[in-house]
Amino acid sequence: MAEANVIKPDLEFVKKIMNSGGESLKKCYQCATCSVVCNVTPEDKPFPRKEMIQAQWGLKDKLFSNPDIWLCHQCSDCTAYCPRGAKPGEVLGAIRKLSIEHYAFPSFLGKAVGDPKYLLGLLAVPVVIFLTVLGYLGHLRIPEGEISYAEKFMPVLAVEAIFIAAALFACLGFFAGVVRYWRDLKSGAELSTNKWQRMVKGPIPVIIINTILEFMTHRRFQKCEVTKDRSNAHMFVFFGFAGLAIAAVWALVYLYGYEFFGIKTSGIFNFGLSPYPLHDPMKIFANISALALFAGILQVIMNRKNNAEKAGNGSYYDWLFISIILTIVTTGILSEVLRLADIAALAYPVYFIHLVFVFFLFAYAPFSKMAHMAYRTTALVFAKYSGREDKKYS
Amino acid sequence: MAHEMSGAPVSGILVVGGGISGITTALEAAEVGHEVFIVEKNPYLGGRVAQLYKYFPKLCPPACGLEINFQRIKKNRNVKYFTLTEVEKISGAPGNYDVTLKETPGYVNSNCTCCGKCAEACDVEIPNEFNFGMDKTKAAYLPHEMAFPQRYVLHPSILGTSAAQKCKDACQYNAIDLDMKPKTFTLKVASIVWATGWNPYDAKKIDNLSFGKVKNVITNIMMERLAAPNGPTKGKIVRPSDGKAVQNIAFVQCAGSRDENHLPFCSYICCLASLKQTTYIREANPKSKATIFYIDLRTPGRYEKFYKKVKADTNVSFVKGKVAKIEEDASTGDVLVTVEDTLAGKKLHEKFDMVVLAAGMEPSTSAVKVPGNAKYDENNFVISGEILSTGCVRKPCDVMSSGQTATGAALKAIQMLGRR
């Protein structure tokens, strides 16, 4: 303790947290009820009490160069028991949002996604892209006859080109963000004198597999008490998405298996161009996944409404992400239903909206709450790698 | 006693609540010549103070102060008191109130000499309310040793049974009257002072602190009875589950206070009460250790000296952090406490023989409102207005501040006498 430790409060950062859903931050009086009622916090330097005081002082680097904010699943046990209404769960959510923004590449998109001012601008990008393509193809009107999105409206090749570009863009963003985050985590750990940050628990690939298995089972998430149903809802959304991703690849196999290898319908599998018949296994699988996603996201919304009193109302950032998913899944299901019902005047516009929102989700994934999947994974892997996670969870 | 005061000039002061605040208000007014009525719902005067083992910071027993006050009441013809009585209705305005009072029977009249024969003869036991149910008492009982008036009461639950008859037969002084009925009467007074004090916050509502589930978790007011020589264990500090002498005790501060899920305000006395209670255990069991878990210790004014005195005892330790989880070690009955030591940034899981919850004060008016035109703050404390208030029903306070607010209330009550 030879040198004085001068703390420089970053008041701008404090304001940012307060404007991102953590407005109750300053009510905290450091009683540490939160650290005790939390079922997923470590024994040593437990969160979220220390995050609350770091946030009150605006100690951005301490908050970011640490896996703890991502070890929290915002189950709101802390918020429910908080004697002051300081809502630690909401505050940590706000810090996570700012962390995503901090590591965002390109950084202006990090700010734009978190700010309602830019919502229309962000939506305009896919709208313009898809309108341009449709204009170029001369498809800027409702096609006649039997509905076929691929043949008469938006060719598969165009869809794929646009989405692969969006996905690559997102991957680049994720890669840049995660690399920088990992670097900060390591430097944070090196600066620290705590022994937990020095105990390496095993080879990273093993840890990554463990972490993914943990996600599949929602083992950590299920330790939350106040908002127990959230982990179930999240499970539906998670597997709904996973199922749809598998179905998308499956559909590509059908398409290119036919186009490049000339495979025709074999057995129950209908190779060829979409739409596929309802009895096709891929179609059944995709429809079940879509329904799971729909049920999950509805439950997420209902849980949020029911828990609002105890857990807080959530921020713009939370609701933007929920709304995007809800829009995607409803327009997706409606596109199919309207096509089958042969209501062309509605089917094509709905499908258009669907494409716009899927693009939104893909292209802006590293900047929206979707980014939690990358940063939480990184944080959990680091936590296991550095020994930050308690044995009981690793 | 002539209960009907109608026709008399309206000059009296009604003090509702016969605890230290009410008694002080009454005596301050009576001793400068005003007629005062004290109404008390218990069979005895003295209120919560009568239940305390010692006062802080002097660590003297409250019995001596109460004794002096009871003498002052006895010697002053201006003070009349009604025990086992509650206010039913208030009408009128300052300067001219009509108050309806209801007296419930205690089934013992003023012939009682406290010989105790009725209790000997009684074969029914009831939980001892004065000791928060930690022991039992006969259904014919003196509420506590120091009870004023010194008079036994019969618990209404035995009425009409052979036990009641046995008590009556055992009494040589014709003091037991099983035919007593509730009585309603009215008083005309010029001013009313509400002094109904406080109730300990119901610690069962703080579910994570497990009061009522873990046997060796008690509240601070229970600790007062446990330490008192006239308490359930005759002053031995032993734990409820197995009677083992308590050697390692924890005090959990802000149990329900400063908590918007329970009592949002600071109850003012709990820090001092816990500091005081560490001296109880250190004195009773010299090898004992005590730990106080706190958010911040509040020892206003001169009480800081008391804190320093307790802190000088190396067997008393202080941990900054609020206990938020209490569990029972089923095999030993020990109490497991989880807390984050916020200065060290570590979660602690500690084991204690017994845990005392420093439960807060809830104004009695949270449960029972003033049956008249009273004003309340957002936490149900009575704000002095047309109906005056004093002591812990007015704000959370210690005995000293109760005395101060009582003197102020007496003056205001006297000032109201001039109004017509």
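The values are calculated or read from the model by the stated rules, or taken from the named source; none is laboratory data. All values derive from a computational prediction rather than experimental measurement. Here the Cβ is made from the backbone with ideal geometry for all residues, glycine too, and neighbour counts use every protein chain on show.
From the list B:299, B:278, B:314, pick out the single residue that is surrounded by fewer than 23 Cβ atoms within 10 Å (Cβ to Cβ) and farther than 30 Å from residue A:87 by Cα. Spell out the reasoning first.
Numbers: B:299 fails: farther than 30 Å from residue A:87 by Cα; B:278 fails: surrounded by fewer than 23 Cβ atoms within 10 Å (Cβ to Cβ).
Only one candidate qualifies: B:314.
The conditions are (1) facing another protein chain (nearest Cβ under 10 Å); (2) farther than 14 Å from residue A:389 by Cβ; (3) at pLDDT below 95; (4) assigned to a loop (DSSP other than H, G, I, E, B), and residue A:80 fails exactly one of them. Which is it?
(4)
Please indicate, with yes or no, whether at least one residue in the stretch A:99-110 is over 20 Å from residue A:12 (Cβ atoms), surrounded by fewer than 21 Cβ atoms within 10 Å (Cβ to Cβ) and not hydrophobic (A, V, I, L, M, F, W, C).
The answer is yes; a qualifying residue exists.
List pairs: first residue in the stretch B:310-322 and at positive phi, second residue in a loop (DSSP other than H, G, I, E, B) and of a type in the set (S, T, N, Q) anywhere in the structure, Cβ distance under 6 angstrom, at least six positions apart or on different chains.
Final answer for the pair search is B:321/B:342.
Every residue in the stretch B:391-420 that is among the polar types (S, T, N, Q) and either within 15 Å of the chain's Cα centre (by Cα) or on the phi > 0 side of the Ramachandran plot (or both), please.
The first filter runs over the stretch B:391-420 and keeps only residues among the polar types (S, T, N, Q), leaving B:401-402, B:404-405, B:407, B:415.
Once the filter is applied, which keeps residues that are among the polar types (S, T, N, Q) and either within 15 Å of the chain's Cα centre (by Cα) or on the phi > 0 side of the Ramachandran plot (or both), the stretch B:391-420 yields only B:402.
Report whether or not residue A:119 is touching a helix residue (DSSP H, G or I) at 6+ places or on another chain (Cβ under 8 Å), away from chain B (no Cβ under 11 Å), of a type outside the set (Gly, Ala, Ser) and surrounded by 20 or more Cβ atoms within 10 Å (Cβ to Cβ).
Working: touching a helix residue (DSSP H, G or I) at 6+ places or on another chain (Cβ under 8 Å): yes; away from chain B (no Cβ under 11 Å): yes; of a type outside the set (Gly, Ala, Ser): yes; surrounded by 20 or more Cβ atoms within 10 Å (Cβ to Cβ): no.
Considered against the rule, which asks whether it is touching a helix residue (DSSP H, G or I) at 6+ places or on another chain (Cβ under 8 Å), away from chain B (no Cβ under 11 Å), of a type outside the set (Gly, Ala, Ser) and surrounded by 20 or more Cβ atoms within 10 Å (Cβ to Cβ), residue A:119 comes out as no.
Return yes or no: is residue A:86 surrounded by 24 or more Cβ atoms within 10 Å (Cβ to Cβ) and either modelled with pLDDT under 95 or within 14 Å of chain B (Cβ to nearest Cβ) (or both)?
yes
With respect to residue B:231, determine if the residue is closer than 23 Å to residue B:128 by Cα, crowded, with 23+ Cβ neighbours inside 10 Å and touching a residue at least 60 places away in the same chain (Cβ under 8 Å). Break it down stepwise before answering.
On the way: closer than 23 Å to residue B:128 by Cα: yes; crowded, with 23+ Cβ neighbours inside 10 Å: yes; touching a residue at least 60 places away in the same chain (Cβ under 8 Å): yes.
Yes: the conditions hold for residue B:231.
Would a scan of the stretch B:56-67 turn up a residue that is in contact with a strand residue (DSSP E or B) (Cβ under 9 Å, 6 or more places away or on another chain) and touching a residue at least 24 places away in the same chain (Cβ under 8 Å)?
Step one: filter the stretch B:56-67 for residues in contact with a strand residue (DSSP E or B) (Cβ under 9 Å, 6 or more places away or on another chain), giving none.
Within the stretch B:56-67, not a single residue is in contact with a strand residue (DSSP E or B) (Cβ under 9 Å, 6 or more places away or on another chain) and touching a residue at least 24 places away in the same chain (Cβ under 8 Å).
Contact list please: Cβ distance under 7 Å, first residue in the stretch A:194-218 and at pLDDT 75 or above, second residue among the basic types (Lys, Arg) and part of a helix (DSSP H, G or I), pairs at least six apart or on different chains.
A:207/A:384; A:210/A:384; A:211/A:384
Select from the stretch A:42-53 the residues that are more than 7 Å from chain B (Cβ to nearest Cβ) and either surrounded by 23 or more Cβ atoms within 10 Å (Cβ to Cβ) or in contact (Cβ under 8 Å) with a residue 40 or more places away in the chain (or both) and list them in ascending order.
At the first step, the residues of the stretch A:42-53 found to be more than 7 Å from chain B (Cβ to nearest Cβ) are A:42, A:47-48, A:51-53.
Within the stretch A:42-53, A:42, A:47, A:48, A:51, A:52 meet the criteria.
For the stretch B:350-380, which residues satisfy the criterion of being over 22 Å from the mean Cα position of the chain (by Cα), farther than 23 Å from residue B:88 by Cα and not in a strand (DSSP E or B)? Talk me through it step by step, then tell me what you get.
Taking the stretch B:350-380 as the starting set, the residues that turn out to be over 22 Å from the mean Cα position of the chain (by Cα) are B:350-354, B:372-375, B:378.
If we keep only those that are farther than 23 Å from residue B:88 by Cα as well, we get B:350-354, B:378.
Across the stretch B:350-380, the qualifying residues are B:353, B:378.
Against the definition (out of contact with any Pro (no Cβ under 6 Å at 6 or more places or on another chain), in the same structural domain as residue A:225 (by TED's automatic domain parsing) and more than 30 Å from residue A:76 (Cβ to Cβ)), how does residue A:286 come out, yes or no? Before the answer, list the steps.
Working: out of contact with any Pro (no Cβ under 6 Å at 6 or more places or on another chain): yes; in the same structural domain as residue A:225 (by TED's automatic domain parsing): yes; more than 30 Å from residue A:76 (Cβ to Cβ): yes.
Yes: the conditions hold for residue A:286.
Quick one: in the stretch A:1-32, of everything that is under 21 Å from residue B:344 (Cβ atoms), touching a residue at least 12 places away in the same chain (Cβ under 8 Å) and not small (Gly, Ala, Ser), which residue is surrounded by the fewest Cβ atoms within 10 Å (Cβ to Cβ)?
A:7
Name the residues in the stretch A:135-177 that are assigned to a helix (DSSP H, G or I) and either in contact with a Lys or Arg (Cβ under 8 Å, 6 or more places away or on another chain) or under 17 Å from residue A:342 (Cα atoms) (or both), would you? Spell out how you get there, then give the answer.
Within the stretch A:135-177, the first condition is being assigned to a helix (DSSP H, G or I), and the residues that meet it are A:135-137, A:149-153, A:156-177.
Of everything in the stretch A:135-177, those that are assigned to a helix (DSSP H, G or I) and either in contact with a Lys or Arg (Cβ under 8 Å, 6 or more places away or on another chain) or under 17 Å from residue A:342 (Cα atoms) (or both) turn out to be A:149, A:150, A:151, A:152, A:153.
So which of B:253, B:247 is surrounded by fewer than 18 Cβ atoms within 10 Å (Cβ to Cβ), more than 18 Å from the chain's Cα centre (by Cα) and of a type in the set (S, T, N, Q)?
Values: B:253 fails: surrounded by fewer than 18 Cβ atoms within 10 Å (Cβ to Cβ).
Answer to the check: B:247.
Could you go through the stretch B:143-153 and let me know if any residue there is charged (D, E, K, R), part of a loop (DSSP other than H, G, I, E, B) and either more than 30 Å from residue B:417 (Cβ to Cβ) or not assigned by TED's automatic domain parsing to the domain that holds residue B:68 (or both).
If we filter the stretch B:143-153 for residues that are charged (D, E, K, R), which is where we start, we get B:145, B:151.
Keeping just the survivors that are part of a loop (DSSP other than H, G, I, E, B) gives B:145, B:151.
From what is left, the residues that are either more than 30 Å from residue B:417 (Cβ to Cβ) or not assigned by TED's automatic domain parsing to the domain that holds residue B:68 (or both) are B:145, B:151.
Within the stretch B:143-153, one or more residues are charged (D, E, K, R), part of a loop (DSSP other than H, G, I, E, B) and either more than 30 Å from residue B:417 (Cβ to Cβ) or not assigned by TED's automatic domain parsing to the domain that holds residue B:68 (or both).
Got at least one residue in the stretch A:7-22 being farther than 25 Å from residue A:306 by Cβ, in contact with a Lys or Arg (Cβ under 7 Å, 6 or more places away or on another chain) and within 14 Å of another protein chain (Cβ to nearest Cβ)? Lay out the reasoning, then the answer.
If we filter the stretch A:7-22 for residues that are farther than 25 Å from residue A:306 by Cβ, which is where we start, we get A:7-19.
Filter again for in contact with a Lys or Arg (Cβ under 7 Å, 6 or more places away or on another chain), leaving A:10, A:13.
Those still in the list that are within 14 Å of another protein chain (Cβ to nearest Cβ) too: none.
No, there is no match, as no residue in the stretch A:7-22 is farther than 25 Å from residue A:306 by Cβ, in contact with a Lys or Arg (Cβ under 7 Å, 6 or more places away or on another chain) and within 14 Å of another protein chain (Cβ to nearest Cβ).
Please go through the stretch A:26-41 and give me each residue that is more than 7 Å from chain B (Cβ to nearest Cβ) and more than 17 Å from residue A:77 (Cβ to Cβ), ordered by number.
Going residue by residue through the stretch A:26-41, those that are more than 7 Å from chain B (Cβ to nearest Cβ) are A:26-28, A:34, A:38-41.
Matches in the stretch A:26-41: A:26, A:27.
Spot the failing condition for residue B:24; the list is (1) modelled with pLDDT under 95; (2) assigned to a helix (DSSP H, G or I), and only one is missed.
Failing condition for residue B:24: (1).
Taking only the stretch B:160-207 into account, find how many residues are under 26 Å from the mean Cα position of the chain (by Cα), of a type outside the set (Ser, Thr, Tyr) and assigned to a loop (DSSP other than H, G, I, E, B).
Within the stretch B:160-207, residues that are under 26 Å from the mean Cα position of the chain (by Cα), of a type outside the set (Ser, Thr, Tyr) and assigned to a loop (DSSP other than H, G, I, E, B) number 5.
Need a quick list: strands (runs of 3 or more DSSP E) entirely within the stretch B:254-349 having at least 2 residues that are at the interface with chain A (Cβ under 9 Å from one of its Cβ atoms) and out of contact with any Cys (no Cβ under 9 Å at 6 or more places or on another chain). Walk me through how you get there before you give the answer.
Working: elements: B:289-294, B:316-320, B:325-328, B:335-341.
Here the list reads B:335-341.
Which condition does residue B:360 not pass, out of (1) touching a Ser or Thr at 6+ places or on another chain (Cβ under 6 Å); (2) more than 14 Å from every other protein chain (Cβ to nearest Cβ); (3) more than 17 Å from residue B:291 (Cα to Cα), if it passes all the others?
(2) is the only condition that residue B:360 fails.
Mind checking which residues of the stretch B:181-223 are within 14 Å of another protein chain (Cβ to nearest Cβ), farther than 27 Å from residue B:394 by Cβ and among the hydroxyl-bearing types (Ser, Thr, Tyr)?
From the stretch B:181-223, those within 14 Å of another protein chain (Cβ to nearest Cβ) are B:201, B:205-210; that's our starting set.
This time we only want the ones that are farther than 27 Å from residue B:394 by Cβ, so: B:207-210.
Residue satisfying the conditions is B:210 alone.
Where residues in the stretch A:155-193 are among the small types (Gly, Ala, Ser) and closer than 23 Å to residue A:65 by Cα, which of them is modelled with the lowest pLDDT? Talk me through it step by step, then tell me what you get.
Applying the first criterion (among the small types (Gly, Ala, Ser)) to the stretch A:155-193 yields A:158, A:161, A:165-167, A:170, A:173, A:176-177, A:187-189, A:192.
Pick out the ones that are also closer than 23 Å to residue A:65 by Cα and you get A:170, A:173, A:176-177, A:187-189, A:192.
Details: A:170: 96, A:173: 96, A:176: 96, A:177: 96, A:187: 84, A:188: 78, A:189: 73, A:192: 56.
Across the stretch A:155-193, the extreme among qualifying residues is A:192.
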